[in-house]
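The values are calculated or read from the model by the stated rules, or taken from the named source; none is laboratory data. What you see is a predicted model, and the numbers here were worked out from it, not measured in a lab. Cβ placement follows ideal geometry from the backbone for every residue including glycine, while neighbour counts extend to all protein chains displayed.
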Amino acid sequence: MKSKIFILLFASLLFAKPNLLTDFKNQQYTNLCTIKNINQLKDEKSLSLIGISCVRTDRLYLLPFIIRKLKRTKIGRLNSIYLLTILMQKKLLYSYFFDNLNLNNFDLPDTDYIISHVFYKVKKNDFKKDKDIYIIKYTDEVIKVYKRGDKLFMDEYKDNKLIKRHWFR
């Protein structure tokens with residue numbers, strides 16, 4: 001039975017710095033997810049918003065800098081688990097697609113992020129393969145996963161139209 005973890009946004013939203021909160025509400029995630037913000041801010045509620053913004057902009061490479069700071073409060077530690085889960089699933093998928101790593105021994109919580117959806121579909125061998133493209137059905141979308149160079153791509157399609165491209169290194 002897989003567990004599901006969610007973002008603990010509510011408390012973070014209530015007490016975050018006003019300019020961060022405004023950017024977050026206006027979906028200005030790129031403005032929030034910067035190394036400058038990560039290094040300057042100390043409070044875990046603001047750092048949690050930045051972490052969530054980094055996930056929403058696929059800037060997962062910045063998550064370790066945030067995760068290590070989320071340790072003093074319960075909300076911070078829970079958000080740290082959420083971010084770490086996403087990062088771990090990304091690393092495992094990368095090893096699966098580039099190194100043929102078997103994912104059967106790994107049982108991680110499920111999240112609301114595309115990497116989790118792909119992770120569990122791949123782990124269960126619930127995909128079709130067309131040459132080097134893995135085709136995964138998820139709700140009313142299709143996710144096509146493939147690698148180019150040292151990058152892993154996840155393209156989301158709805159009604160045969162590309163709606164979002166994610167890429168990871």
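Values for this structure:
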{"item": "Number of the exception - Tyr94 against (1) in contact with a helix residue (DSSP H, G or I) (Cβ under 8 Å, 6 or more places away or on another chain); (2) touching a residue at least 12 places away in the same chain (Cβ under 8 Å)", "result": "(1)"}
{"item": "Filter result for Ile7 (crowded, with 19+ Cβ neighbours inside 10 Å and either closer than 26 Å to Met154 by Cα or modelled with pLDDT of 95 or more (or both))", "result": "no"}
{"item": "In the range 36-50, the residues that are in a helix (DSSP H, G or I), of a type in the set (Lys, Arg) and within 19 Å of Leu84 (Cα to Cα)", "result": "Lys45"}
{"item": "Only listed residue being in contact with a strand residue (DSSP E or B) (Cβ under 9 Å, 6 or more places away or on another chain), part of a loop (DSSP other than H, G, I, E, B) and not assigned by TED's automatic domain parsing to the domain that holds Leu32, chosen from Asp126, Asp58", "result": "Asp126"}
{"item": "Scan of the range 132-147 for residues that are modelled with pLDDT of 95 or more and out of contact with any strand residue (DSSP E or B) (no Cβ under 6 Å at 6 or more places or on another chain), ordered by number", "result": "Lys137, Lys147"}
{"item": "Evaluation of Lys74 against (1) closer than 21 Å to Thr30 by Cα; (2) in the same structural domain as Asn37 (by TED's automatic domain parsing); (3) surrounded by fewer than 13 Cβ atoms within 10 Å (Cβ to Cβ) (one fails), failing number", "result": "(1)"}
{"item": "Single match in Tyr134, Tyr146 (criterion: among the hydroxyl-bearing types (Ser, Thr, Tyr), surrounded by fewer than 18 Cβ atoms within 10 Å (Cβ to Cβ) and not in a helix (DSSP H, G or I))", "result": "Tyr146"}
{"item": "Criterion violated by Lys91 - all others in (1) modelled with pLDDT of 95 or more; (2) touching a strand residue (DSSP E or B) at 6+ places or on another chain (Cβ under 6 Å); (3) charged (D, E, K, R) satisfied", "result": "(2)"}
{"item": "Complete set of residues in the range 148-169 that are at pLDDT 95 or above, farther than 13 Å from Ile114 by Cα, of a type in the set (D, E, K, R) and touching an Asp or Glu at 6+ places or on another chain (Cβ under 7 Å)", "result": "Lys158"}
{"item": "Given (1) crowded, with 16+ Cβ neighbours inside 10 Å; (2) under 17 Å from the mean Cα position of the chain (by Cα); (3) outside any loop (DSSP other than H, G, I, E, B), number of the condition Lys164 does not satisfy", "result": "(1)"}
{"item": "Test: residue in the range 78-100 that is assigned to a loop (DSSP other than H, G, I, E, B) and within 15 Å of Val122 (Cβ to Cβ)", "result": "yes"}
{"item": "Neighbours by Cβ (under 8 Å, 6+ apart or cross-chain): first from the range 46-67, aromatic (Phe, Trp, Tyr); second buried (at least 19 other Cβ atoms within 10 Å of the Cβ)", "result": "Phe65/Ile38"}
